[in-house]
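The values are calculated or read from the model by the stated rules, or taken from the named source; none is laboratory data. What you are looking at is a predicted structure, and each value in this text was computed from that prediction instead of being measured. Cβ coordinates were reconstructed from backbone atoms using ideal geometry, including for glycine residues, and neighbour counts include every protein chain displayed. We work out accessible area using only protein heavy atoms, side chains counted, and drop any ligands, DNA or RNA first. Shrake-Rupley method; radii C 1.70, N 1.55, O 1.52, S 1.80 Å.
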Amino acid sequence: MSYPQLTITNSLAFDLDAYDQYSDSDGNITYTKLGTVSANSTGTITTKHQGSVVGLVRSGIISAFSSTEYYVDFPVATLNITALDSSFAYTIDADDQKGMEQALQFFKYISANPLGTTATNFKNLLSNETASTLETDVNAYFAALSSYSKCNLTAWTNVNLWLNREFSPWQEAKYYLYTTTGTISEKATASISIASNGSATATLTDTSSGSTTNIAISDGTITEQNVGSGSVSVSLTPTFTYVNSVISPVLTGTVNGVSVLGTKKKQDTSSSSSSNSGFSDASIVSISIGAAFLLFTLGKEIHSWWSNRGNGNEADADAANAELNDNLESLTNSINELNNRVTSLQETLAQQRADDVNSELDAQSDMVREEMEASGSSDDEIDGQIEEIQRMRADSSSVTNEELRANRADIESNLEVIAKKAGTNVSDEMEASETEAENYESEEEAIEEEQSISDDGTGTDSDVESDAEI
């Protein structure tokens, strides 16, 4: 039996490899290389089925992502081929490439900003879709976003599949994995790198035992290459978050059953470190929510839907629509669970903010007492400071940092004046208060970033400030 032959014009400056992407009844996808179409040329590719999904991918350095890192099989275009088509000629151009690149940037952005408008709107869109409306509505959603207007359902799906099966998007020289509860300590290190020939080197080393195991990625989870065969057990989900104000990959999950968070930023675990109490709950939950996006992709289901819908068999097409509707319903349940976690995170952030504000107000109250002790009485200035503390404590969740700083500055200035007049040495008390204020300021910067997880739905990762810096 003969199958469709594709004439593909590659107008891009790099070679494209063509892969048959066959989905079995369980949604598992088998990738079979069909051939290569050279840069700026036209080639012929023979398919393997009457109805096929053919992916065109590139390997090499992709300037949109990095000037040095080598990427393997990054998708550029996907062709849905049916025996009923009248033409099998396709031109692959810069818009195809741009759409896939935007899909990855979009994924990074919503993973790092899981509570933002863009992420929320996209989750809500997916949770209200059916097979009959999915492609049209998702394509319209992306078209309305200026930074992602070349993206579409095809690009989103194929990039998600790529994220789930390749180490390329997660390559870093080294991840430092730390415990996430109690006193922070280094649990393991993970190294992921891609050579210029496309081969991946991925290992994890347990810090305490020194044992090293090879790791692999499948369905969005990083595990031992041979599960159960070594002394280190691994289950990590890669995702993206803000590190030093730049969206960067991180790993979250367990090593030998211990919860860990891995970032390329090495932490100070000395006893004197202010961060030695561990990562904030808000950061961990936010990153976990971002990681959940990797698992809520519908990638396999949509490929199965495309394959069965496009083979020309009406009964198979109806069955594919019914199956996708079931999967969309399942996705809705997953999104509802995710929204519950979002609500929990928001409550955590609000409580953490209130606790930190009240801690600072406690410090200011102590300074006011020092004023009164040094002066031997109260006055209008001190009374005004007390009233400001009471006002802010009455609604601590709405207090701004500017209000806190202004009242503290007023107290400090007045305390110095009183001390000079009274000839009283209050330097020790002020130094202790200043130290507490500095610690508060440091903690508050991180909380501000976590609380600012919001966007207008049009920006890319370079348009927003740090929202969840580790």
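Observations on the model:
- All lysines inside 24 Å of LYS150 as judged from Cα atoms, apart from same-chain residues fewer than 8 positions distant: LYS98, LYS108, LYS123, LYS300
- Structural descriptor for the chain: relative contact order 15 percent, calculated from alpha carbon pairs under 8 angstrom and at least 6 residues apart.
- Phi to ³J(HN,Hα) by Karplus 6.51 cos²θ - 1.76 cosθ + 1.60 over region 98-108, Hz, x for Gly, Pro: 5, x, 5, 4, 5, 4, 5, 4, 5, 4, 4
- Full-extension gain in nm, SER41 to SER334, via 0.36 nm per residue minus C-alpha separation: 101.1 nm
- Spacing of the modelled spin labels on ALA195 and THR91, each 7 Å from Cα toward Cβ, amounts to 4.0 nm.
- Added length on full extension, which subtracts the Cα-Cα distance from 0.36 nm per residue, LYS420 to ASN80: 114.2 nm
- Hz values of 3J(HN,Hα) by residue in region 255-266 - Karplus curve (6.51, -1.76, 1.60), Gly and Pro given as x: 10, 6, x, 9, 5, 9, 9, x, 9, 6, 7, 6
- Principal-axis tilt of helix 314-375 within the chain, Cα atoms, nearest 10 degrees: 10 degrees
- Nearby lysines by direct alpha-carbon distance to LYS174 (threshold 18 angstrom, same-chain neighbours under 8 apart not counted): LYS187, LYS264, LYS265, LYS266
- Ligands, DNA and RNA left out, the 1.4 Å accessible surface of the chain is 44% carbon and sulfur atoms.
- Förster radius 35 Å - calculated FRET efficiency between SER63 and ASN124, Cβ distance, rounded to 0.05: 0.55
- For region 214-270: span of alpha carbons on each principal axis (Å, largest first): 38, 31, 16
- Sites SER25 and SER2, calculated FRET efficiency, Cβ-Cβ separation with R0 25 Å, nearest 0.05: 0.50
- Surface per residue (accessible, 1.4 Å probe) for the chain, Å²: 44 Å²
- In degrees, nearest ten, helix 427-451 long axis to first principal axis of the chain (Cα): 20 degrees
- Region 343-387: C-alpha pair distances exceeding 14 Å, %: 60 percent
- Whole-angstrom gap from region 66-100 to region 330-382, using each part's C-alpha centre: 51 Å
- Applied to region 228-236, the Karplus parametrisation 6.51 cos²θ - 1.76 cosθ + 1.60 on θ = phi - 60° returns per-residue 3J(HN,Hα) values of x, 9, x, 8, 10, 9, 9, 8, 10 Hz, with x for Gly and Pro.
- The magnitude of the dipole of the chain, with charges of +1 and -1 set on the Cβ of Lys/Arg and Asp/Glu and taken from the Cα centre, is near 2880 debye.
- Stokes-Einstein D in µm²/s, Kirkwood radius over Cα pairs - region 1-122 at 25 °C with 0.890 mPa s viscosity: 154 µm²/s
- Using distinct alpha-carbon pairs, which all enter the 1/r mean, Kirkwood radius of region 59-133 in Å: 15.4 Å
- Among SER280, SER25, SER87, the order of accessible area from largest down is SER25, SER87, SER280, computed with a 1.4 Å probe on protein heavy atoms.
- Along its first, second and third principal axes, ordered by size, the chain spans 102, 48, 39 Å in Cα coordinates.
- Cβ crowding within 10 Å averaged over residues, with 390-399, 200-209 ranked highest first: 200-209, 390-399
- Taking label points 7 Å from Cα along the Cα-to-Cβ direction, ASN358 and SER209 give a separation of 4.4 nm.
- The percentage of C-alpha pairs in region 152-309 whose separation is greater than 28 Å is 23%.
- For the pair region 189-216 / region 159-184, the C-alpha centres are spaced 11 Å from each other.
- Modelled spin labels at ASP318 and VAL258, positioned 7 Å past Cα toward Cβ, are 5.8 nm from each other.
- By average C-beta atoms within 10 angstrom, highest first, the peptides 177-188, 62-73, 148-159: 148-159, 177-188, 62-73
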